[in-house]
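Taking it in order: structure first as C-alpha cells, then the write-up.
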C-alpha cells in the first residue's frame, strides 16, 4: 500500500505542478476515505509551493448523507492557486464546476490554542473575511463524483481560488446570508444561501480548525480558510465573466476563458 501511495502521489504532484492530467486513480483510493486522505497528504508533501490556507470540502449535509459520510474533509491550499478578484483564469482540461463561498483569514495562534474551538471563541481569531469563487476539477482523466474520496484524493479538487476584497470581521448571521452566482454572457444565475455550508460558514471553519489541531497541523503565518460552497458545484455553461455576491460580505468577479 505504502509503495503504491508513493507512486501515485508523485504522479498527482506532477499533474498539479504542470496542469496536466493523469489516468484515473485506483478505486480503493477513492471509495475508502482513509486511503484517500493518506494519498492527499502524501501528494501535498511533494508540493514546494507555500501553503497559504485550507479548504473545507463537501460541507453540504445533504450530500454527506447521500454518501453515508459523517463529516466533510479538508485539503491544503497553495499560493499558486490564489488570485484576486477581476482576474482572468483559464479553464483547465477537467474543470467540472464553479463555486461561491465565504473565506476567513485567521490568526496563526489559533492552532496553538489548547482549547477546543467553538463558534464563540473562534471569533477572536478571525482577522478578516470576504467572498471567493472557486474552480473545482480533477487532475485525472475521469468524469463525475461518486463518493467523498473522489474529492479528497485529488488535492480536494481545488483548481483556483479567486478572492474578493477583504473586510474586517463582523459577527453577521452567517447561517442565513443570501448569495448569488451569475454569468451575464450565458444568462446563468444560481441563487444560494450560507446556511447550506455545514449550517453556516462559521461552523464549517470551527470544524476545520479542530481537525487541524487534532492532526497537529501548524502554519507559521496567518492563513485562509475556505468554508465550502453556498451554491453547490455549478456547471460552467459558457466561458466569460462570473460574478459572485454574498450579502453583507461583498462581491467577487472572475473571467473564465
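The set of residues from the range 29-41 being buried (at least 18 other Cβ atoms within 10 Å of the Cβ) and over 14 Å from the mean Cα position of the chain (by Cα) comprises 29, 30, 33, 35, 36, 37, 38, 39. Filtering the range 184-199 to residues that are touching a strand residue (DSSP E or B) at 6+ places or on another chain (Cβ under 9 Å) and without any contact (Cβ under 8 Å) to a residue 40 or more places away in the chain leaves 189, 193.
Contact annotation: residue pairs with Cβ atoms under 7 Å, 6 or more positions apart or on different chains, pairing a residue in the range 162-183 that is closer than 16 Å to residue 87 by Cβ with a partner that is assigned to a loop (DSSP other than H, G, I, E, B) and at pLDDT below 95, are 183/238.
Would you be able to tell me the number of residues in the range 95-122 that are part of a loop (DSSP other than H, G, I, E, B) and crowded, with 18+ Cβ neighbours inside 10 Å? Please lay out each step first, then the result.
Start the filter on the range 95-122 by keeping residues that are part of a loop (DSSP other than H, G, I, E, B), which leaves 107, 113-120.
Those still in the list that are crowded, with 18+ Cβ neighbours inside 10 Å too: 117.
Within the range 95-122, residues that are part of a loop (DSSP other than H, G, I, E, B) and crowded, with 18+ Cβ neighbours inside 10 Å number 1.
Considering the range 148-172, the residues that are in contact with a helix residue (DSSP H, G or I) (Cβ under 8 Å, 6 or more places away or on another chain) and over 30 Å from residue 14 (Cβ atoms) include one that is surrounded by the most Cβ atoms within 10 Å (Cβ to Cβ), namely 169.
Residues considered: 114, 124. Of these, the only one that is without any contact (Cβ under 8 Å) to a residue 40 or more places away in the chain and within 24 Å of residue 165 (Cα to Cα) is 124.
Total residues in the range 4-61 satisfying the condition of being part of a helix (DSSP H, G or I), in contact with a strand residue (DSSP E or B) (Cβ under 6 Å, 6 or more places away or on another chain) and without any contact (Cβ under 8 Å) to a residue 60 or more places away in the chain: the figure is 1.
The residue that is nearest to residue 245 (Cα to Cα), among those in the range 123-147 that are buried (at least 24 other Cβ atoms within 10 Å of the Cβ) and more than 11 Å from the chain's Cα centre (by Cα), is 131.
Identify, please: which residue in the range 197-211 is assigned to a helix (DSSP H, G or I) and touching a helix residue (DSSP H, G or I) at 6+ places or on another chain (Cβ under 8 Å) and is, among those, surrounded by the fewest Cβ atoms within 10 Å (Cβ to Cβ)? I'd like the intermediate steps shown before the answer.
Narrowing the range 197-211 to residues assigned to a helix (DSSP H, G or I): 201-211.
Those still in the list that are touching a helix residue (DSSP H, G or I) at 6+ places or on another chain (Cβ under 8 Å) too: 201-202, 205-206, 209.
Details: 201: 29, 202: 25, 205: 30, 206: 22, 209: 24.
Per the criteria, the residue is 206.
For every residue, the table says whether it meets (1) part of a loop (DSSP other than H, G, I, E, B); (2) more than 17 Å from the chain's Cα centre (by Cα); (3) on the phi > 0 side of the Ramachandran plot; (4) modelled with pLDDT under 95.
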position: 190; (1), (2), (3), (4): no, yes, no, no
position: 213; (1), (2), (3), (4): no, yes, no, no
position: 231; (1), (2), (3), (4): yes, no, no, no
position: 237; (1), (2), (3), (4): yes, yes, no, yes
position: 241; (1), (2), (3), (4): no, yes, no, no
position: 251; (1), (2), (3), (4): no, yes, no, no
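When the residues of the range 62-84 are filtered to those that are under 11 Å from residue 208 (Cβ atoms) and in a loop (DSSP other than H, G, I, E, B), which remaining residue is farthest from the chain's Cα centre (by Cα)? If you could, list the steps in order and put the result at the bottom.
Of the residues in the range 62-84, the ones under 11 Å from residue 208 (Cβ atoms) are 71-75.
Cutting the leftovers down to in a loop (DSSP other than H, G, I, E, B) gives us 71-72.
On the way: 71: 15, 72: 11 Å.
It comes out as 71.
Yes or no: residue 84 more than 30 Å from residue 256 (Cα to Cα), touching a strand residue (DSSP E or B) at 6+ places or on another chain (Cβ under 9 Å) and at pLDDT 95 or above? Can you show your working first?
Values: more than 30 Å from residue 256 (Cα to Cα): no; touching a strand residue (DSSP E or B) at 6+ places or on another chain (Cβ under 9 Å): yes; at pLDDT 95 or above: yes.
So residue 84 does not fit the description; no.
Can we say residue 175 is at pLDDT 95 or above, exposed (fewer than 15 other Cβ atoms within 10 Å of the Cβ) and more than 17 Å from the chain's Cα centre (by Cα)? Criteria not met by residue 175.
The values are calculated or read from the model by the stated rules, or taken from the named source; none is laboratory data. All of these numbers come straight from a predicted model, not from anything done at the bench. Positions of Cβ are backbone-derived with ideal geometry, glycine not excepted, and every protein chain shown enters the neighbour counts.
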